[in-house]
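Here is the structure we will look at.
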């Protein structure tokens, strides 16, 4: 199996770092591989290296103007740069060639939603899923879009489908993060209940069970930090500090009865 084939296989299952490694090796052997430049562009875009992705997409198109995916990559880059008209123009040309292109429909939906065109955006997303119901990337992208729209249950359902179709670190992380976000209220309620019970138990028996929900909050804060969700990270740190402060306060004010 040559380097290009290995790279394409890794890309297919969402292992972008490994794919990038083998695309670069393939280009060392032959710098004129249009498919290698195309795949490398997608890897760069996953790493948010927009300029590198743009250059690789252009290189792929120069080598093979018939390719579709580099055009979709360029549209994604234009969306990141908020050049929505340019993105729509490219995507509509792609869909003129092949109306059944699920990837182009997904990105077009993202462009619509970024401009607050919700109805046409959601309709286009559903069309993309209907075109490619077994594509993990289609469900994953749809989950991302639902997350942007704060439709957490819908996002979780799509990430779960993506996970079943392609159980990799990327889909697992998406499911875990969305599940945490979806059940955030229940975590708060559970922590509050635990605090109340801990205070009562402490006032009777002198135990320090109030530290249990504090430890739970600090564990959650670590999860949010790894996910780069700094808002929830700070909230959980603050909750943990407040719980420990409450324990110290009540340890003086509520001496044990026995």
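The values are calculated or read from the model by the stated rules, or taken from the named source; none is laboratory data. All of these numbers come straight from a predicted model, not from anything done at the bench. Using ideal geometry, Cβ is built from the backbone for each residue, glycine included, and neighbour counts are taken over all protein chains shown.
Of everything in region 122-148 that is surrounded by fewer than 15 Cβ atoms within 10 Å (Cβ to Cβ) and either within 14 Å of the chain's Cα centre (by Cα) or more than 16 Å from residue 110 (Cβ to Cβ) (or both), the residue that is modelled with the lowest pLDDT is 148.
Residues in region 223-251 that are modelled with pLDDT under 75, loosely packed, with under 13 Cβ neighbours inside 10 Å and assigned to a helix (DSSP H, G or I): 226, 230, 231, 245, 248, 249.
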